[in-house]
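Notes follow the structure.
The values are calculated or read from the model by the stated rules, or taken from the named source; none is laboratory data. Owing to the predicted nature of the structure, the values given are computational and were not obtained by experimental measurement. Here the Cβ positions follow ideal geometry from the backbone for every residue, glycine too, while neighbour counts run over all protein chains shown.
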Amino acid sequence: MARLRAGPIAGCLWLASTGLYAQEPLGAGAETVSGPIAQAIDDYLTRCVPFGFSGSVLAVKDGGVILSKGYGVADRMTGAACTPATIYDLGHLAQPLTACAVLVLEQRKKLRTKDTLDAFFEDVPPEKKKIQLHHLLTHTSGLPRTTWGIAAKIATREELIQTALRSPLRDPPGTEFTPADANYALLAAIVEIVTKKPFEEALGELVLQPAGLASTGFRQGTGLDAARVARALAQPDEPLPEGAKVTRLPDERATEEHELASEGWYTWGLRGAGGILGTSPDLWRFEQALRGEALLTKESKKKLFTPELASIAYGWRVQKGKPASIECRGYSSNGFGSRCARFPDQDAYLVLLANQAGGLEIVEQDVRTLMFGGSVTLPPVTRPQASETLAALGGEYEAAGGARWRAFPSGTMLLLEARTPGALELQAGKLSGDQKLIVKQSTKIVAGLAASDFGHVHELDREMARLQGVESWWRGLVDHHGPLRSSTLLGLVQDSNELNHAVALLEFERGEELLDLAWGDEDILGLGTGPPFASRLRLVPVGEGSFVAYDLARRKQLAMARFAADGTLELDLPGGKPVAKKW
C-alpha cells in the first residue's frame, strides 16, 4: 500500500446537555482543512471511508483549528453526510463531564472528593463505607462491572443506589482499577442529591453553560436538531440470505437498540457514565474552557488530570509515551465510537467521533502519526462503479477443484461469499494447529445441531455457561425455516480482533442461514446468524473490473479480484490464486 507522511499537528474534545443552551455559532458547521498536515490527514481519512470509516474529526494546533470535517454518511436512511455539525453519541466521553461537575461542587464547598458514600446514602454496608468519591472518579471503588443488559433495566436513582450497595466488592476500595459504569452513575446520583436538581439540569448549570456548549444533549432528550443526529451502523449493512433472521446466543443486547443517537436507551444504569450526545466543535469549546479557569481552578484541574492506578485520572487516561497524552475513549451499546486526546507538551488536540466504531482505534493511531510528522500506510484508492456494472458481475463462480463463490452487489461494493469449504479455505489461508482443532470441534457442534443433540455444546460450554439457551435458540430457527435439509461446515476465518469464526451453511426447508460459531483461543464464545458474515469478502472497486477487500482495522489487504468480460474471475487470496468461471 502507499504511504503518506506529514508534519506536526493536534486534536480536540466532547460534551452534553438536555437540550440546546444557545444557537450554534456561525461557522461551527463549516469545514476547515488548513495547511499541509491537515491536507495529509484529510487525504488519509477520505481513503478510509470506502473501507468502513464514517464520522467527524477535529484537530487543533497552536490554539487554532487546522482540520474540522466530516467523512462518510451520518444517516444511511436519509443519505445525510457527516459534517462538523453532526451530533454523535459520545459514549464514555461523558465521564470527564461528570467529573467536572463533581469538582465544581467541591470548589463551592458542597462536597469533597474524599467524602465517603455514607455522607450521601443511608444504610451503607460496612465494607462500602470506605468508598470515597475519589474512588468512584478513578474506577477504584471495587464495585463490579455490570452488563448493558442489566444497566438498561435500572429505572430509578434509588434502584441504582440499592443495586450498588448490595453488590459484593471485587476488591477493597483503592486497591485495583476496575472500570464500571456504576461508579459514574453513583456520582450522577450524588450530584442530584447535593444540588436537589435533576442530573441533566445540574450538569448544564455546573459545566455546560459556563463552557458555552451549544449543540449538546442526552439520549431521549429534547431540543436537538434531528436532521443533524447521526445513525450508527453497529454491524455491516449486508443483505441477509433469503428468509434469514438475525439471532445471537448469548443475547447480550441491553434492550432493543436504536441506531439513531437520540433514541438510545437512557436509564440510571447509564446516567453520568454515558448517554451524552455532542459535536466535535463543542468538544473543542470544552477543551478551551479547561485551558482557562471558566470551569475549574488550577487545584481542581490538577485533580482532574492526575493519574492513579492504571494511569487513570478523573475520567481520563494519562499516557507517558512520546508524545505524552491525556485521553479518553468511548463506545456505546448502539455502535458509536469516540476518541479524544490532548497533548500538553505539543499544545495539540484531537477528537474523532464515529458512527461506525470498527477500525476506529487504527484510524486514530494513524491520524496521530500524521499529526506529529510520521508516515502511515494508506488504504487503496477506490474508483466507484455504476450500479448496473456491479449488478452484471453478480452470479455464481466456480474454480477447478469445486471451490465456489457467489457474487452480488451491496451498495457501492460487491460481496463475494464462499459457498464451499474449498472456497473458504482459500480465503482463510493456512490454519494453525489450534484453529484446526476449533474446526473439528465446530464440525461436531454442527452435526449435533442437525440431530438436535446439544451435548457437545454443553460440554464445551460447561465452564463459561454462555450457551445454556441453545435448545430454545435452535428451536426458534427450525420454527422459522422448517426442518433442516443439510448442513456444511465451510471452514474458519479470523476477524480483525483475532477472534476465530467457524462458518456453517445451513439449508432448511424454507431458506438458509450462515451460522457463525465465534471462538476465543480455546473456548466457544457464541453462536449466531446475521451480519457480519465471516464467509464474505467486501470487494470495493479500484478500477474497471478490479476490486480489493481491505481490512482497515488490520491495515491489511485480504483479497484482490479481477472480473473479465468473458466471465472469468481471477482471485488473489491468502490461500492461493484461483481462477473461477461464471456459471
Seminar exercise, completed: Only unsatisfied item for Glu252, checking (1) out of contact with any helix residue (DSSP H, G or I) (no Cβ under 9 Å at 6 or more places or on another chain); (2) at pLDDT below 90; (3) closer than 19 Å to Gly358 by Cβ, is (1)
Exercise. Of the residues that make up the stretch 88-100, is at least one part of a strand (DSSP E or B), closer than 22 Å to Leu350 by Cβ and either under 20 Å from the mean Cα position of the chain (by Cα) or not polar (S, T, N, Q) (or both)?
Worked result: yes
Seminar exercise, completed: Counted residues in the stretch 346-398 being assigned to a strand (DSSP E or B) and more than 22 Å from Leu93 (Cα to Cα) come to 7
For this session: Looking only at the stretch 137-164, count how many residues are surrounded by fewer than 17 Cβ atoms within 10 Å (Cβ to Cβ) and either part of a loop (DSSP other than H, G, I, E, B) or not acidic (Asp, Glu) (or both).
Result: 9
Seminar exercise, completed: Among the residues of the stretch 317-345, the number that are outside any strand (DSSP E or B), of a type in the set (A, V, I, L, M, F, W, C) and surrounded by fewer than 24 Cβ atoms within 10 Å (Cβ to Cβ) is 1
Exercise. Say we look at the stretch 173-184 and pick out the residues that are closer than 14 Å to Tyr314 by Cα and in a helix (DSSP H, G or I); which of these is modelled with the lowest pLDDT?
Worked result: Asp181
For this session: Check the stretch 346-353 and report whether any residue there is under 30 Å from Gly278 (Cα atoms), assigned by TED's automatic domain parsing to the domain that holds Ala232, of a type in the set (A, V, I, L, M, F, W, C) and modelled with pLDDT under 95.
Result: yes
Exercise. Just one of the numbered conditions (1) surrounded by 15 or more Cβ atoms within 10 Å (Cβ to Cβ); (2) of a type in the set (D, E, K, R); (3) farther than 25 Å from Leu489 by Cα; (4) modelled with pLDDT of 95 or more is not true of Lys582; which one?
Worked result: (3)
Exercise. Counting only residues that are in contact with a Lys or Arg (Cβ under 9 Å, 6 or more places away or on another chain) and surrounded by fewer than 21 Cβ atoms within 10 Å (Cβ to Cβ), which one in the stretch 203-216 is farthest from Thr113 (Cα to Cα)?
Worked result: Ala214
For this session: Would you mind stating whether Leu283 is closer than 17 Å to Thr98 by Cβ, of a type in the set (A, V, I, L, M, F, W, C) and in a loop (DSSP other than H, G, I, E, B)?
Result: no
For this session: Taking the options Ala261, Ala244, Ala294, name whichever one is modelled with pLDDT under 95 and in the same structural domain as Gly359 (by TED's automatic domain parsing).
Result: Ala294
Seminar exercise, completed: Contact list, first residue from the stretch 391-410 and in the same structural domain as Arg536 (by TED's automatic domain parsing), second anywhere and polar (S, T, N, Q), beta-carbon distance below 8 Å, six or more apart or interchain, is Gly402/Thr420; Ala403/Thr420; Arg404/Thr420; Pro409/Ser387
Seminar exercise, completed: Residues of the stretch 208-248 being outside any loop (DSSP other than H, G, I, E, B) and either touching a Ser or Thr at 6+ places or on another chain (Cβ under 7 Å) or over 23 Å from Leu360 (Cα atoms) (or both), in sequence order, are Leu208, Gln209, Pro210, Ala211, Gly217, Phe218, Ala226, Ala227, Arg228, Val229, Thr247, Arg248
Exercise. So is Asp366 loosely packed, with under 15 Cβ neighbours inside 10 Å and closer than 30 Å to Ile276 by Cβ or not?
Worked result: no
Exercise. Quick one: is Val542 at pLDDT 95 or above, of a type in the set (Val, Ile, Thr) and touching a Leu at 6+ places or on another chain (Cβ under 9 Å)?
Worked result: no
Exercise. Going through the stretch 461-512 one residue at a time, which ones are among the polar types (S, T, N, Q) and in contact with a helix residue (DSSP H, G or I) (Cβ under 6 Å, 6 or more places away or on another chain)?
Worked result: Ser487, Ser496, Asn500
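Table: residues versus (1) surrounded by 15 or more Cβ atoms within 10 Å (Cβ to Cβ); (2) at pLDDT 95 or above; (3) out of contact with any Lys or Arg (no Cβ under 6 Å at 6 or more places or on another chain).
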{"site": "Ser410", "(1), (2), (3)": "yes, no, yes"}
{"site": "Leu415", "(1), (2), (3)": "yes, yes, no"}
{"site": "Leu426", "(1), (2), (3)": "yes, yes, yes"}
{"site": "Lys440", "(1), (2), (3)": "no, yes, yes"}
{"site": "Met464", "(1), (2), (3)": "no, no, yes"}
For this session: Considering only the stretch 14-70, state which residues are under 21 Å from the mean Cα position of the chain (by Cα), modelled with pLDDT of 65 or more and in a loop (DSSP other than H, G, I, E, B).
Result: Gly52, Phe53, Ser54
For this session: Would you mention how many residues in the stretch 479-500 are modelled with pLDDT of 90 or more and either acidic (Asp, Glu) or within 28 Å of the chain's Cα centre (by Cα) (or both)?
Result: 8
Seminar exercise, completed: Of (1) within 16 Å of Gly243 (Cα to Cα); (2) surrounded by fewer than 15 Cβ atoms within 10 Å (Cβ to Cβ); (3) over 32 Å from the mean Cα position of the chain (by Cα), Gly476 fails just (3)
Problem set entry | Selection status of Leu449, buried (at least 19 other Cβ atoms within 10 Å of the Cβ), more than 29 Å from the chain's Cα centre (by Cα) and in contact (Cβ under 8 Å) with a residue 12 or more places away in the chain | yes
